[in-house]
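Data first, discussion second: the structure below is written as structure tokens.
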Amino acid sequence: MTNSSHVSFVFRGFPALHLWRRLLAVPLCGVYAAVLAGNGALVLVVRGVPSLRRPPYLLLSALCAVDVLVASAIVPNVLLALLVDRDRISLAGCLAQMFCTHFLSSVESTLLLAMALDRYAAVCQPLHYERLTGRRAWPALLLFTLARSGGVMAALVALAATLRFCESRVIRHIYCDHMALVSLACGDTRRSAAAGVAVIACFVGVDIPLILLSYVQILRVALRAAPGGEERLKALHTCATHLMVVLVFYLVGSVAFLSHNLRLAIPPDLHTSLGLAYILLPAAANPLIYGARTADIRRGFATIFRRLRPAGGSAST
């Protein structure tokens, strides 16, 4: 052990696959391209079609923008590490990346909660929907998101910044995850570990129950409607669509986080894969789920294509 604290670290996320790391860049690059294309297209459609500028679709476009940002905070650096062995990062850079990824992931959790509450208001409180989702709701949502996500994640990163790193400088991950870095610290890390658990309780422990409660209420209203009625089918479709996204996001994220905190015997390669899946799987799935399963979005894409077709035809003549 040395008395000095490390100021730089090396990523070793796929030790068993290190010799084939360049091949790993191929599917990763493909998924990242799909994330950029799918989410970018949804944002453009929502912005470009006036009929989609409503709360549920504005929240969806915000979710897609966050997915692009969180993937972009990680994937380019991962590709550089896999392709050209740029696998070193400074402590300051590691802490900055940690804040960005955890902050954006927590913002995504808040947006999923806001989407569930929006559907609850539309189905269960239709007479008050316009008032509940009016112009005053958006500044309140923004302020709540920045205060909760920014404050909590800043405190988490600040605690990690106070630690001394005099053990190994090898991070057993492909990006700067909180517990992957904290596990390298020498001395007492109980405060940082407890803060990590508190973050999970603050988001997963609060957001998931509220999301599930919202959809339970939506289902109760839908099941009381006439069998086969349009409103009933629409509500059931909404619940199924949103719950697919929620399960993908929280299930993979919880497994990736708890494997570190509970010290589960998971191979490093699998743990790194779970960490990447937590970031990329929801980001890649959201455009498919919402784009393929939502009629308004499909009509929005058709509207955009109809606008582009005459321009293309005139250009070719």
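Examine the stretch 28-43 for a residue that is of a type in the set (Phe, Trp, Tyr), outside any loop (DSSP other than H, G, I, E, B), buried (at least 17 other Cβ atoms within 10 Å of the Cβ) and out of contact with any Asp or Glu (no Cβ under 9 Å at 6 or more places or on another chain), and state whether such a residue exists. Yes; the residues of the stretch 28-43 include at least one that is of a type in the set (Phe, Trp, Tyr), outside any loop (DSSP other than H, G, I, E, B), buried (at least 17 other Cβ atoms within 10 Å of the Cβ) and out of contact with any Asp or Glu (no Cβ under 9 Å at 6 or more places or on another chain).
Kindly state which helices (runs of 4 or more DSSP H) lie completely within the stretch 85-203 and contain at least 3 residues that are at pLDDT 90 or above and more than 23 Å from Ser8 (Cβ to Cβ).
Values: elements: 91-124, 129-132, 137-145, 151-161, 178-182.
Once the helices (runs of 4 or more DSSP H) in the stretch 85-203 are filtered for at least 3 residues that are at pLDDT 90 or above and more than 23 Å from Ser8 (Cβ to Cβ), what remains is 91-124, 137-145, 151-161.
Taking the residues in the stretch 1-16 that are of a type outside the set (Phe, Trp, Tyr) and surrounded by 15 or more Cβ atoms within 10 Å (Cβ to Cβ) as candidates, determine which candidate is nearest to the chain's Cα centre (by Cα).
Our first condition is that a residue be of a type outside the set (Phe, Trp, Tyr); within the stretch 1-16, this holds for 1-8, 10, 12-13, 15-16.
Narrowing the set further to residues that are surrounded by 15 or more Cβ atoms within 10 Å (Cβ to Cβ) leaves 6, 12-13.
On the way: His6: 30, Arg12: 23, Gly13: 20 Å.
Restricting to residues being of a type outside the set (Phe, Trp, Tyr) and surrounded by 15 or more Cβ atoms within 10 Å (Cβ to Cβ), the top hit is Gly13.
Look through the stretch 230-257, keep the residues that are farther than 19 Å from Thr294 by Cβ and either among the aliphatic types (A, V, I, L, M) or surrounded by fewer than 17 Cβ atoms within 10 Å (Cβ to Cβ) (or both), and return whichever of them is modelled with the highest pLDDT. Step through it out loud before you land on a result.
Just the residues of the stretch 230-257 that are farther than 19 Å from Thr294 by Cβ, to begin with: 250-257.
Then drop every residue that is not either among the aliphatic types (A, V, I, L, M) or surrounded by fewer than 17 Cβ atoms within 10 Å (Cβ to Cβ) (or both), which leaves 251-252, 254-256.
Details: Leu251: 77, Val252: 74, Ser254: 72, Val255: 70, Ala256: 68.
Checking each candidate, the answer is Leu251.
Of note, Val216 satisfies the criterion of being without any contact (Cβ under 8 Å) to a residue 40 or more places away in the chain and over 25 Å from Arg12 (Cα atoms).
Against the numbered list (1) buried (at least 21 other Cβ atoms within 10 Å of the Cβ); (2) within 28 Å of Leu288 (Cα to Cα), Leu80 comes up short only at (1).
The values are calculated or read from the model by the stated rules, or taken from the named source; none is laboratory data. Keep in mind that what you see is a predicted model, and the values were worked out from it rather than measured. All Cβ positions, glycine included, derive from the backbone under ideal geometry; neighbour counts span all protein chains shown.
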